[in-house]
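The values are calculated or read from the model by the stated rules, or taken from the named source; none is laboratory data. Being a predicted model, the structure only gives us computed values, none of them experimental. Every residue, glycine as well, gets a Cβ built from its backbone with ideal geometry; the counts of neighbours run over all protein chains shown.
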């Protein structure tokens, strides 16, 4: 009888461990990012400036909890819009980004701009949209429509 109880408890323990590991993998708990720069989304700012596509530039700092919470959404947006936009991450505390940081208006962290080198245009995306992916997409699509009109006017 003791043997059956021990075997049953051992099997139950293995099942629980397996379930916990499966849950951790499914929820991404094992792939937990500690800071925004752990995400490697997009290309460098310099590469984006050389491209014909507009860029979605994220200005962040590693100590910002809001930045960290926004990163999964930023990653999803980069996958959805990779053919239409370049995605760029810029650490606001990195001395290499000092000139750009001084040239833009930071509304807090994170701050997201659509920067279009072709038309020397910058569009600040309202930070109230950062947690609402459908509304964020509306703004990205709106800019693409406006850019399409500018491209048509340029061809005339």
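Remarks
- Among residues that are surrounded by fewer than 18 Cβ atoms within 10 Å (Cβ to Cβ) and over 14 Å from the mean Cα position of the chain (by Cα), residue 84 is included.
- The number of residues in the stretch 77-105 that are within 16 Å of residue 37 (Cα to Cα) and either assigned to a helix (DSSP H, G or I) or without any contact (Cβ under 8 Å) to a residue 40 or more places away in the chain (or both) comes to 7.
- Hits in the stretch 110-120 - residues which are at pLDDT below 95 and either more than 19 Å from residue 47 (Cα to Cα) or surrounded by fewer than 15 Cβ atoms within 10 Å (Cβ to Cβ) (or both): 118, 119, 120
- Residue in the stretch 132-147 that is in a loop (DSSP other than H, G, I, E, B), surrounded by 12 or more Cβ atoms within 10 Å (Cβ to Cβ) and in contact (Cβ under 8 Å) with a residue 12 or more places away in the chain present: no
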